[in-house]
Structure formats: C-alpha cells, structure tokens
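Readers should treat all values here as calculations from the given coordinates under stated rules, not as data from a laboratory. Computed from a prediction, not measured in an experiment: that's the story for all the values here. Heads up, the Cβs are rebuilt from the backbone with ideal geometry, glycines too, and the neighbour counts pull from every protein chain shown.
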Amino acid sequence: MSPTPTASKAPADARVRKAWAPRWLVFVHRYVGVVVGALMLLWCLSGIVMLFVHYPEVSRDERLARLAPIDWSRCCTFGGSVQASAQVSSAAIEDLAGTPVLRLRTAGGEHQVIDLATGRPQQRVSPETAMTVALAFGGQHGGGGTVTPVVRDQWTVSGEFNRGRPFWRIRLADPATTDVYVSQGGGEVMQRTTRASRVLNWLGAVPHWLYPTILRQDARLWGQVVIWTSLTGTFLTLTGLYLGIVAWRPFHDRRLSPFRGLMTWHHLLGLATGVLTLAWVFSGLVSMNPWGFLESPQDPAIERLAGEPPTFGEVQAALLALAERHPAAAQVRIAPFAGKLFVLAGGQRYDAQGRLAPLTPSGLALAGDSIGPVAAQGIMTAEDAYYFAHHEPVTLPAWRVVRRDATRIYLDPATGEVLSVADPAAQQYRWLHKGLHRLDFVPGFDRGLGWSIAMVLLLGAVSVGVGSGVWLAWRRVVSELGQLSARLRNPR
C-alpha cells in the first residue's frame with residue numbers, strides 16, 4: 001500500500017497575501033499625494049528655514065526706540081479740527097521729522113494726524129519727509145535713497161497694514177539694501193526689510209504660509225485655500241497611516257513590509273513619522289481657526305476695564321498739563337484705566353493734572369476684581385503656559401488675573417493695560433496649534449539651540465517620508481497616465 005499523500009507546508013515567504021486595502025483608497029492616496037504631498041514637503045522644508053528666519057516686522061518697541069525725543073518748544077497747538085466732545089480711543093504725541101504731531105483715533109474709527117506746531121491736520125506726508133523719517137529710522141542721518149509709492153506689495157500684503165496704506169517705500173543706499181515703508185497718511189514706519197530677509201523669507205514664511213501677494217491680497221480666498229489644503233493634507237496623512245498600518249506585518253513573517261526598494265523606506269518611515277506629520281498638518285489647519293470653532297467671544301468685562309473713552313477735550317487738557325513738565329520722552333500717549341484718564345511718558349505714569357501717578361498693586365487688584373469673579377491674581381515674574389515669548393518678547397513682570405471660568409487676563413503692572421487674554425477657547429488654541437506645531441510641551445525645551453536641532457532632525461525625517469511618497473506617486477501616476485494614453489491611441 002502506498003503511503004497516504006500529505007499536504008506539504010508552504011514556506012512562510014511563499015504565503016499568498018490577501019488584499020490589504022481597498023483599491024480605490026490606494027488610488028486616491030496616490031493621486032492626492034502627488035499634489036498635496038508636494039505642498040506638504042514644501043511646508044516641511046520651509047519650516048526648517050522659519051526656525052531661524054522670521055517674517056520681517058517692525059514692533060512697537062522697536063519703532064519707539066528709534067523715535068527722536070519730542071521737542072516741547074514747538075508744542076502744543078491742537079487747532080479746532082476735532083470736536084471737544086468726540087470720544088477718543090487712542091492718542092499719542094510723537095516726533096515726525098523734527099515736528100511734534102498728535103496721532104489721534106476717535107471711538108468712531110476716524111484717524112487724524114495734527115501738526116502740534118501749527119494745529120493744522122496733516123493730510124499727506126511728502127516724499128522728502130518720508131525720506132527723513134526712513135533715514136532716521138535706519139540710523140543714517142545723512143546719505144540718500146530712492147522713494148517709490150506703494151499701495152501693497154509682498155511685505156505689506158496682510159490686513160494689519162491697512163491702517164497705514166498707501167506707503168512710501170524708501171530704499172536706503174546701505175550695504176543691506178534696506179527698504180523702509182513709511183505711511184503716506186501718518187508718517188509712521190510700518191515695515192522694514194533687507195535684501196537678506198527678502199530672499200530668505202521666499203524660502204521660509206512665504207511658501208510656508210502660502211503668502212505670495214497674488215493670493216494673500218484676497219484674505220477670504222487665501223484663508224479658504226489654506227484651510228482646504230490643510231484639510232486635504234490631514235486626509236492624506238490619515239489615509240497614509242491607515243494603509244501603512246494594514247500593510248505592516250511584524251508578526252506574520254520575517255519582513256516588516258511587503259514592499260521592495262524605496263517603497264519599503266516610504267512605508268516604514270511613514271509609519272515612524274506619521275503621527276508627527278499628522279500633528280503638524282492638523283495644527284496648521286487649527287492655526288486658521290476654520291469656521292470659528294475656537295473663536296473667543298467678546299468679553300464685556302474686560303472691554304470695560306479701561307472705562308468709557310475720554311473726550312478730546314479731556315485728552316487735550318491732560319496733554320497740555322503734562323507738556324508743562326517737558327518730560328524727556330519719545331512718545332506721550334494716553335492710557336485710560338478704571339474710568340480715569342492717565343498719560344504715559346518716558347516710562348512714567350501721570351494723571352490728568354500732570355502729576356506722577358504710579359499704579360499700585362492694590363489698584364491692580366481692584367481692577368482684577370472688577371473683571372471677576374476671580375479665583376486668583378497677583379504679580380508674575382516668569383512666563384507661564386499661556387503667556388510666553390517665542391519669536392516675540394513679552395512684558396514681564398505682569399499682573400495675572402485668573403477667573404473662576406479659567407480665563408487668564410495679563411495686565412501691564414505699570415499701566416494697567418491688557419497685555420493678553422487666554423480664555424478657554426484661546427487655551428485650546430494654544431495647545432492644538434502652538435503646542436502641536438512647535439512641540440513646546442516640555443517647559444524649558446521650547447526654544448534655543450537644542451530645541452532647534454531637535455526640530456530640524458524631526459522635520460528632516462518627515463521631509464524624507466513625505467518626499468519619498470511624492471516621488472513614488474509621481475512615477476506611478478506618470479506610468480499609469482502613459483498606459484492610458486497608449487490605450488486611447490491604439491484601442492483594440
């Protein structure tokens with residue numbers, strides 16, 4: 001009797017693999033990956049540049065530090081262009097090319113610049129005055145440059161510059177090829193760039209934020225483009241993670257991946273960096289606060305902290321009282337607090353009669369109680385999780401008020417002005433955007449050389465994972481489209 005035949009066991013590597021994902025999902029992931037994957041690669045590479053190069057800006061402190069002291073001998077004639085009963089939201093005396101001017105904004109939004117030497121409203125800054133302002137700001141009280149009228153360009157494209165449009169753009173004759181933007185209406189320096197900052201930002205912030213002028217000048221369109229590309233990038237990353245996980249075989253055979261060559265690297269590296277990639281693209285989506293899902297509501301209690309806006313008559317009287325003291329200051333501005341009018345000059349706080357009136361802790365505590373109910377309040381000398389510097393400095397010490405609804409209000413202890421507000425929505429935004437985007441969850445490891453090196457390495461790893469996928473998808477798409485074209489030309 002011949003022996004009964006037995007089935008031989010197939011080697012592990014010869015096992016027939018089952019389909020590991022729907023064909024349509026692979027197809028969608030591949031074709032979306034060609035376009036959006038390339039954009040995500042651009043985001044990663046430009047993100048490396050942005051670790052070291054910031055978008056150009058002129059901060060309030062920088063502009064103030066470069067202003068000339070106010071010449072009180074030419075001050076202060078206010079004229080009659082503003083009604084004494086008009087409510088004022090902001091007012092400041094500054095030097096403009098040797099002349100003291102009052103920069104005034106009413107509660108209705110009207111903006112005026114008044115020449116305090118003559119009392120006449122200033123209608124438009126001349127190119128010659130703009131050149132003087134730009135040279136002083138650039139530290140060149142001699143020399144020259146070229147003046148060009150500009151309404152909007154790459155470095156003044158966002159809405160925050162609207163209050164200063166149009167501009168005089170002065171290109172200084174210095175080695176850095178500096179451009180200084182001076183508002184034609186108010187004579188304020190609004191922006192400054194150099195040749196190096198312009199070139200480097202075309203490698204960093206401009207592609208990272210999708211900021212070219214042709215797109216960014218339409219804020220609504222730009223916002224929708226960023227939201228939907230970020231959503232698509234989130235979808236692409238999620239599908240990639242799913243496809244990678246179902247194809248991963250750590251317990252089925254000796255090989256972790258069923259693929260060969262570069263596809264193996266894309267598969268395994270994509271798994272290793274997929275969650276990080278998802279965190280970055282999702283936090284980029286959150287940065288746009290799509291459909292207002294983390295929008296902070298208006299808080300009337302905080303808005304009432306300064307009190308009712310003063311009238312122009314009250315502002316005029318307070319500024320005249322201070323002018324009699326001739327304080328050494330580059331700027332004098334009003335700072336209403338708790339229903340009273342105060343004036344800031346040269347780091348000192350004065351009342352409406354021109355007397356020194358430093359703000360006391362008890363005064364700050366009373367103000368904090370007015371925006372309560374308060375759980376805790378007091379002076380803070382170090383940053384916390386919701387009030388911190390990254391690329392931008394913050395004012396310290398600060399007076400922190402924590403309400404029972406978890407809202408945190410940070411006040412300037414010298415003036416009582418609100419520095420920052422972190423309500424529950426803003427706190428969620430801080431972690432879902434800044435936390436995930438900057439990976440600053442570990443206190444003390446959110447900036448500096450060590451953090452930068454870690455971020456470069458992580459961005460590099462994600463770039464390789466995304467870039468390999470783009471290359472593989474591109475090759476496959478080109479091949480498939482070529483085959484389709486051949487079939488259409490030569491149908492059987």
### Query
Taking amide H positions as placed 1.01 Å from N in the peptide plane, with prolines and chain starts having none, which residues 5 or more places from A375, or on another chain, fall under 5 Å of its amide H?
V402, R403, R404
### Query
Taking the mean number of other Cβ atoms within 10 Å as a proxy for protection, how do you rank 79-89, 158-168 from highest to lowest?
158-168, 79-89
## Note on the structure
Sorting S420, V456, P358 by the position of each Cα along the dipole of the chain (Lys, Arg +1; Asp, Glu -1; all at Cβ), the one nearest the positive end of that ordering is V456
### Percent breakdown of C-alpha pair distances by 10 Å bin, ordered from the shortest bin, for the range 359-421
24, 57, 18, 1
### Within the chain, helix-based [θ] at 222 nm, where runs of 4 or more DSSP H residues each add -39,500 (n - 2.57), nearest 500
-12500 deg cm²/dmol
#### Entry: Neighbour-count order for I302, I334, fewest beta carbons within 10 angstrom listed first
I302, I334
### Two-decimal ratio, the range 60-208, of alpha-carbon radius of gyration to 2.2 N^0.38 Å
1.11
#### Entry: Ranking of E480, E303, E94 by count of other Cβ atoms within 10 Å, fewest first
E303, E480, E94
### Message
Lone cysteines in the chain, defined as no other cysteine's Cβ under 4.7 Å from theirs: which are they?
### Response
C44
## Note on the structure
Relative to the chain, whose Cα atoms define the longest principal axis, helix 361-370 and its Cα axis are tilted in degrees, nearest 10, by 60
### Message
For the chain, what does the convex hull of the Cα positions come to per residue, in cubic angstrom?
### Response
219
### Query
How do T146, T239 line up, fewest other C-beta atoms within 10 Å first?
T146, T239
### Summary
Measuring from the longest principal axis of the C-alpha atoms of the chain, the long axis of helix 448-489 (C-alpha) lies at a number of degrees, nearest 10, equal to 50
### Estimated distance in nm for a label pair at R255 and D351, the labels positioned 7 Å out from Cα along Cα-to-Cβ
8.5
